[in-house]
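Report on the structure given below.
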Amino acid sequence: MLEGLNEAQRDAATCVDGPILILAGAGSGKTKTITTRLAYLLSLGIDPANTLTLTFTNKAASEMRERAISMIEESSYPPLLCTFHKFGLLFLKFHIEKIGRKNSFVVIDTDDKKRILKSFNTTAELSTGMIASEISRYKTSLIDPKVAWEKAEQKSYQVIAKLYEQYENYIQDNNLVDFDDLLVLPYKILNENEELCQKTSERYKYIMVDEYQDTNELQYKLLRKLCSTHENLCVVGDDDQSIYGWRGANIKNILEFHASFDNVKIVKLEKNYRSTNQILKAANDLIEHNRGRIGKVLESTKGDGVGIEVMDSHDENQEAQTIAKRIKKLIQNGASPRDIAVLYRINALSRSLEEGLNKEQIPYNMVGGVKFYERAEVKDVISYLRVIANPHDDFSIKRIINRPKRGLGKVTIEKIIKSAYDNKQSIYEYICENGTQLEIDASKKASLALKEFVQNIANIQAIQANSTYDMVDALEEAFDIKNYYANQVDSLERISNIDEFYGLFRDFVVQNPHMGVDDFLNELALQSDQDQIDSENISIMSIHASKGLEFEYLFVIGLEEGFFPLIGDGSDIEEERRLGYVAITRAKKELTLSFSSSRFYKGRRTELTKSRFLKEAGVCEGSLILEKTTSFRKGDLIKHKIFGMGRVTEVSKVGREFKLQINFGGTKRDILASFVEKI
């Protein structure tokens with residue numbers, strides 16, 4: 001089983017005892033190494049029941065299990081190889097009674113969680129998604145509802161703390177377990193029961209963790225409990241591919257692994273079996289600019305290939321057209337569409353790309369995302385435009401009648417729709433013409449909101465008659481659509497998409513001054529109605545969604561300051577650089593890095609400068625920008641030696657340092673980032 005391994009892989013696979021860090025570079029045969037290590041342990045006579053291998057996805061777990069078992073003789077007891085959450089579920093089935101709960105519990109998903117919270121949340125000010133996300137953050141930080149309430153200064157966080165308490169009481173009363181509980185409860189049980197902790201640790205004497213750079217603080221604490229009687233922990237990961245800080249992953253887990261355990265053996269897998277020398281040189285040069293890394297240099301086993309191309313476009317439309325034409329030519333020359341991909345840092349950039357591909361009739365799959373015109377926030381704006389073009393469009397009115405919220409309940413909306421139908425009128429006509437009846441169907445407050453709604457539609461129609469270009473500003477001012485999405489979990493992404501759409505509309509008006517809203521909508525319908533043929537398609541996706549994938553021909557777009565890297569609002573330049581490293585190392589044979597001189601940004605055309613990453617990767621000339629970085633973001637929970645626990649309310653730059661405004665239980669203080677640590 002060891003024959004197909006290189007020297008470093010063999011060293012990693014045959015290490016049995018003690019803590020081991022396998023630092024596995026991109027394309028270095030990581031999965032092959034750890035599955036061989038598991039098979040090797042079992043070949044030595046180690047009981048499969050004494051091993052535990054933890055991963056992040058069910059797909060990775062099943063693939064590794066099959067590969068490991070294929071190397072050894074069939075065992076009567078297969079090794080436990082599963083996700084962290086699956087392990088938590090199995091553990092709770094045996095031990096949840098230790099915290100007074102029955103093991104007949106039911107696991108609820110995110111939608112169930114939101115439905116429960118929705119039934120408690122009577123205010124329209126906070127979105128259910130935002131509440132669910134905040135509760136999840138409290139739980140994984142091991143903060144109970146009482147502490148959350150004590151630390152809440154703003155009214156919104158007091159509301160969330162109360163809802164958190166109601167939610168926890170509800171799921172316990174109904175013997176439900178949510179996704180976070182699958183990690184939180186096993187940790188609590190092990191932490192409170194020393195004897196059980198010891199027995200569990202003695203059972204799982206050999207533990208392996210895949211993608212260790214993606215573990216969070218709670219997963220680290222759980223692993224410490226599982227290793228309380230031994231230190232046979234083998235972790236596999238790449239500090240240069242830690243790109244999930246925004247969802248709680250703590251890069252310190254891998255960077256400080258050697259300090260967390262005694263006599264750690266570090267094995268670096270640096271031979272790359274995926275990419276050419278030129279691609280790896282760019283990746284190595286770029287990531288070398290990061291200070292927070294252990295350090296390794298990838299070496300290609302494939303040798304030289306073609307040089308990396310840097311593409312300079314006037315704007316996003318030219319960029320999309322050029323890439324679409326190149327992809328068409330690649331396919332005509334025999335390249336398989338499945339070997340071609342386009343990556344971007346933010347999803348809003350997909351809009352112009354999708355249009356370019358549609359014009360060249362290139363079918364595409366959007367991996368791990370929703371196509372631009374199918375996103376909820378974009379559909380909302382399109383529905384508003386449809387109603388302005390035709391107020392009697394009942395289908396669109398139904399979508400936006402309570403978005404943003406106007407205090408209308410489901411029953412009230414159904415009453416209005418029925419009354420309009422009974423009167424043989426459109427919903428818009430009915431609201432306009434039936435003031436008295438409307439107050440019977442809806443509360444006084446709701447009926448006033450509806451009258452204001454139709455009046456605003458009429459006002460915007462009047463503005464459109466004089467200036468179609470100014471109509472977007474009037475639409476946003478009247479209905480405050482962006483603010484509606486500002487309180488949601490992915491607010492930045494959604495607002496960015498709305499701005500992108502407004503920019504698209506304004507551009508259409510400038511290019512076609514004699515056309516109206518209905519013409520724009522007709523053009524849109526043609527563009528977004530993509531004929532999905534059942535053949536192989538090229539892939540387009542965000543860089544986050546590309547992790548773990550590889551392509552012969554790769555295009556990375558949007559390499560401009562502000563887009564990639566993202567700058568400001570607590571963004572972490574080192575994590576942005578790691579994203580750049582991940583993007584480059586997806587390419588096997590040919591890589592094109594693209595930047596534009598201008599793009600629509602926040603509804604306006606903005607002049608841009610090319611990304612510092614192009615210079616850092618050594619693929620073009622440019623000015624080198626050195627910046628002190630911070631991984632802190634607004635909303636993060638932190639700990640200070642003297643002031644204790646607090647929440648970051650603002651991140652700003654002072655010289656080459658970052659200053660945080662922190663709310664410590666009602667007292668706000670300004671403290672430099674280097675004096676606090678994340679919880």
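The values are calculated or read from the model by the stated rules, or taken from the named source; none is laboratory data. On a predicted model such as this, the values are computed, not experimentally measured, just so you know. We place every Cβ from the backbone using ideal geometry, glycine too, and count neighbours over all the protein chains shown. With ligands, DNA and RNA removed, areas are computed over all heavy atoms of the protein, side chains included. Shrake-Rupley method; radii C 1.70, N 1.55, O 1.52, S 1.80 Å.
Structural remarks
- Out of LYS296, LYS281, LYS225, LYS252, sole residue that is farther than 24 Å from TYR553 by Cα, among the charged types (D, E, K, R) and at pLDDT 95 or above: LYS225
- Top-ranked residue of the stretch 427-479 - restricted to ones that are touching a helix residue (DSSP H, G or I) at 6+ places or on another chain (Cβ under 8 Å) and part of a loop (DSSP other than H, G, I, E, B), ranked as least open to solvent (accessible area, probe 1.4 Å): ALA442
- Qualifying residue in the stretch 207-215 (condition: open to solvent by 30 Å² or more (accessible area, probe 1.4 Å), assigned to a helix (DSSP H, G or I) and either of a type in the set (Gly, Ala, Ser) or touching a helix residue (DSSP H, G or I) at 6+ places or on another chain (Cβ under 7 Å) (or both)): no
- Among the residues of this structure, VAL209 counts as one that is of a type in the set (A, V, I, L, M), closer than 20 Å to LEU90 by Cβ and under 30 Å from the mean Cα position of the chain (by Cα).
- Tallying residues that are within 30 Å of GLY248 (Cα to Cα) and in contact with a strand residue (DSSP E or B) (Cβ under 9 Å, 6 or more places away or on another chain) within the stretch 36-62 yields 14.
- Tally, over the stretch 242-266, of residues that are farther than 17 Å from MET208 by Cα and in contact with a Leu (Cβ under 9 Å, 6 or more places away or on another chain): 3
- In summary, SER228 fulfils each of the numbered conditions (1) touching a residue at least 60 places away in the same chain (Cβ under 8 Å); (2) open to solvent by 20 Å² or more (accessible area, probe 1.4 Å) with the single exception of condition (1).
- Residue in the stretch 298-321 that is among the basic types (Lys, Arg), surrounded by fewer than 19 Cβ atoms within 10 Å (Cβ to Cβ) and either touching a helix residue (DSSP H, G or I) at 6+ places or on another chain (Cβ under 8 Å) or closer than 23 Å to ASP572 by Cβ (or both) present: yes
- Count - residues of the stretch 368-405 that are surrounded by 19 or more Cβ atoms within 10 Å (Cβ to Cβ), not aliphatic (A, V, I, L, M) and not in a helix (DSSP H, G or I): 3
- Residue match in the stretch 409-418 (condition: part of a helix (DSSP H, G or I) and closer than 24 Å to ARG506 by Cβ): no
- Within the stretch 254-280, being basic (Lys, Arg), crowded, with 18+ Cβ neighbours inside 10 Å and within 9 Å of SER300 (Cβ to Cβ) holds for one residue alone: ARG274.
- Qualifying residue in the stretch 551-558 (condition: open to solvent by less than 10 Å² (accessible area, probe 1.4 Å) and over 19 Å from ALA324 (Cβ atoms)): no
- Of all the numbered requirements in (1) among the charged types (D, E, K, R); (2) surrounded by fewer than 21 Cβ atoms within 10 Å (Cβ to Cβ); (3) in contact (Cβ under 8 Å) with a residue 24 or more places away in the chain, LYS118 misses one, and that requirement is (3).
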